[in-house]
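Please read the structure below before turning to the comments.
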């Protein structure tokens, strides 16, 4: 183990988080970001009639906001689709990640749940919790190994103004806080020391590694722009309590039994898909 790895592990155990600069290349992140915006562009054109330039930030974001208002269900579905990009999943299995996790103590890293991609803006949320999460811990949602981690990284430079993450150093050592259910997170109910939260700023390519017990929250995005971020989650298969609890997995994936579009597809539509002469 290099001395830098020792220092990194020491900081992680002390604070419950570390920031690694330039972990991914900007080209790797941009490729995923471009692909995700391209997926949204299909539905923006269908819904609004606009063929937009994904590299024109103002034009693309205006299209996102209009799409959100005109077809919310399709917007949600599109958001789910970008979390299944092959490029995103491929990045999450990179050997660099495994080596980093092992250097801070996850002796047998395993993917805890599929990757997540978030696009947060007050203009893309029906309530505040969907664009500005309050203080919470991620372990309650995953209930995996006690040393499970989150790898959080922005797809765009994420400063304080864009609502960069805020973390509470050392909070991971205090165990599981009491919380109240708020959809997919559980907001911490007890009073927290406001002056001890650390405001983080990361550029595209940087990563934040934090314990699933580390208390964190969204900053406030005061810009008109979208905060694009992604995250991977990992458990440690060799953590004793995880083994003793029989490898619990609270995430539920199952198909919808009923047809979402009754009567679809007709035989002729399927035949046309497989018409090699078309």
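Values in this text are rule-based calculations from the coordinates and carry no lab data. Predicted model, so just to flag it, every value in this text is computed and none were measured. Positions of Cβ are backbone-derived with ideal geometry, glycine not excepted, and every protein chain shown enters the neighbour counts.
Just grab the label-to-label distance for residue 266 and residue 93, each label 7 Å out from Cα along the Cβ direction, in nm (one decimal).
With each label point 7 Å from Cα toward Cβ, the separation is 4.0 nm.
For the chain, what is the largest minus smallest coordinate of the Cα atoms on each principal axis, given in angstrom and ordered from greatest to least?
61, 42, 39
Can you give the log10 of the normalised intensity I(q)/I(0) at q = 0.09, 0.18 Å⁻¹, computed with Debye over equal Cα scatterers of the range 100-252?
Listed by q, the Debye log ratios stand at -0.28, -1.16.
Arrange 71, 94, 147 by Cβ neighbour counts within 10 Å, fewest through most, would you?
Ranked by crowding around the Cβ, least crowded first: 94, 71, 147.
Per DSSP H run of at least 4 residues, take -39500 (n - 2.57); add these up for the chain, divide by its residues and hand me the 222 nm value, nearest 500 deg cm²/dmol.
Computed ellipticity for the chain at 222 nm equals -10000 deg cm²/dmol.
Mind jotting down the distance between the C-alpha centroids of the range 175-232 and the range 106-172, whole Å?
If we compute the Cα centre of each part, the gap is 6 Å.
Between 83, 137, 267, where does the largest GNM mean-square fluctuation fall for the chain, given springs only between Cα atoms within less than 10 Å?
Greatest mean-square fluctuation among the candidates belongs to 267.
Using alpha-carbon positions, what is the distance between the centroids of the range 85-103 and the range 1-31, in Å?
Here the answer is 13 Å between Cα centres.
Please arrange 70, 278, 240 by counting, for each residue, the other beta carbons lying within 10 Å of its beta carbon, fewest first.
The fewest-first ordering by Cβ neighbours comes to 278, 240, 70.
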